[in-house]
Amino acid sequence: MAELTEVDRVFSTYRRDSAISRLGRGETTIEACPPEVAEVLELGRRAAERSGGAFRVWRDDPHGEAARLDTDGVVKGWAVQRASSIVRSLPGTDFCLSAGGDMVCHTASPKGWPWRIGIEDPHDVTRLKATVAVRRGAVATSGFAQRGTHIVDARSGHVPTGVASVTVVSDLLTWADIDATSAFAMGQEAAEWLAGRPGRSGLVVWSDGSTATVGHEGVITAV
């Protein structure tokens, strides 16, 4: 909790006194911020490069003013991944650390039972679309079912169409979360782009309710 509280103090875009808010307003420099800020900005740069600009932490202002800094798409998965290392240090401990549905799962014994994660149906959140069995890894989902239209394709500034949710399974939550958001932002390009990301498995739920499974066979099981 102390780790996550400190991340909130530095990166919350809802706090005017956070380092990231002050940096976005031009009131401080990257060098004057805690070193984690430079790390997150570098992750954002790499994500923008790999997504062809669909994912960006610096976003153009719709009113033509200075670009707006929003690192939320990087920080959540990155912060939970960091916090999970504290729990992982406890010997013989199985855990699932979840933040808003994005989670790190760990089974201490390689032969232990995996965590079984449900992927909700974005058209009816009381139902499951699929399940994922994870012993040691991460699961992240991006979509509009829980938070409304909070994701845009940074290349156009428009809300993506044709896609209802994207779930990514990977070794690290940092990149599972970034890739889920990047793929969702691409709309109808989501599955094709995600298929080109190494070490990823995923489930894309389209607006019409149909699905596309990406990556290793057997990781995601339809319900």
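Show me the trypsin sites (Lys or Arg not before Pro) within region 37-137 that DSSP assigns to loop and that have at most 16 other Cβ atoms within 10 Å of their Cβ.
Details: sites: 45, 46, 50, 56, 59, 68, 76, 82, 88, 111, 116, 127, 129, 135, 136; in loops: 56, 111, 135.
When the trypsin sites (Lys or Arg not before Pro) of region 37-137 are filtered for loop state and at most 16 Cβ neighbours within 10 Å, 111, 135 remain.
To make sure I understand, if each residue's beta carbon is the centre and we count other beta carbons within 10 Å, what order do 42, 3, 189 fall in, fewest to most? Before the final figure, lay out the partial values.
Details: 42 11, 3 14, 189 17.
Neighbour counts put them in this order, fewest first: 42, 3, 189.
Just subtract the alpha-carbon distance of residue 195 and residue 146 from 0.36 nm times their residue separation and send over the number in nm, one decimal.
Numbers: separation 49, 0.36 × 49 = 17.64 nm, distance 2.52 nm.
Here the segment from residue 195 to residue 146 would lengthen by 15.1 nm.
Under a Cβ-Cβ cut-off of 9 Å, what is the net charge of the residues other than residue 13 that fall near it, where Lys and Arg count +1 and Asp and Glu count -1?
Values: positive: 15; negative: 70, 72.
Value of the local net charge: -1.
Over 10 Å intervals from 0, what percent of Cα-Cα pairs in region 150-222 sits in each interval?
22, 54, 22, 2
Under 10 °C and 1.306 mPa s, how fast does region 2-222 diffuse according to Stokes-Einstein, given a Kirkwood radius computed over C-alpha pairs? Answer in µm²/s, whole number.
Details: Rh = 18.0 Å.
D = 88 µm²/s.
So between residue 89 and residue 5, what do we pick up on full extension, going 0.36 nm a residue minus the alpha carbon distance? Can you show the working numbers first?
On the way: separation 84, 0.36 × 84 = 30.24 nm, distance 1.95 nm.
Gain on extension, residue 89 to residue 5, equals 28.3 nm.
Please express the Cα-Cα pair-distance distribution P(r) of region 1-52 as a list of whole percents, one per 10 Å bin, running from 0 to the bin with the greatest distance.
25, 49, 25, 1
For every helix of n ≥ 4 consecutive DSSP H residues, a contribution of -39,500 (n - 2.57) applies; sum these over the chain, divide by its total residues, and give [θ] at 222 nm rounded to the nearest 500 deg cm²/dmol.
On the way: 6 runs with 68 residues, N = 223.
Computed mean residue ellipticity for the chain: -9500 deg cm²/dmol.
Over the chain, with a Gaussian network built from C-alpha contacts below 10 Å, which listed residue (69, 23, 172) shows the highest mean-square fluctuation?
23
Could you point to the residue in 29, 12, 84 farthest towards the positive end of region 1-128's charge dipole, with +1 and -1 charges on the Cβ of Lys/Arg and Asp/Glu respectively?
Result: 84, furthest along the dipole toward the positive end.
We did not get these values from a lab; they are worked out from the coordinates using the rules stated. Because the structure is a prediction, the values reported are computed rather than measured. Don't worry about glycine lacking a Cβ; one is built from the backbone with ideal geometry, like all the others, and counts go over all protein chains shown.
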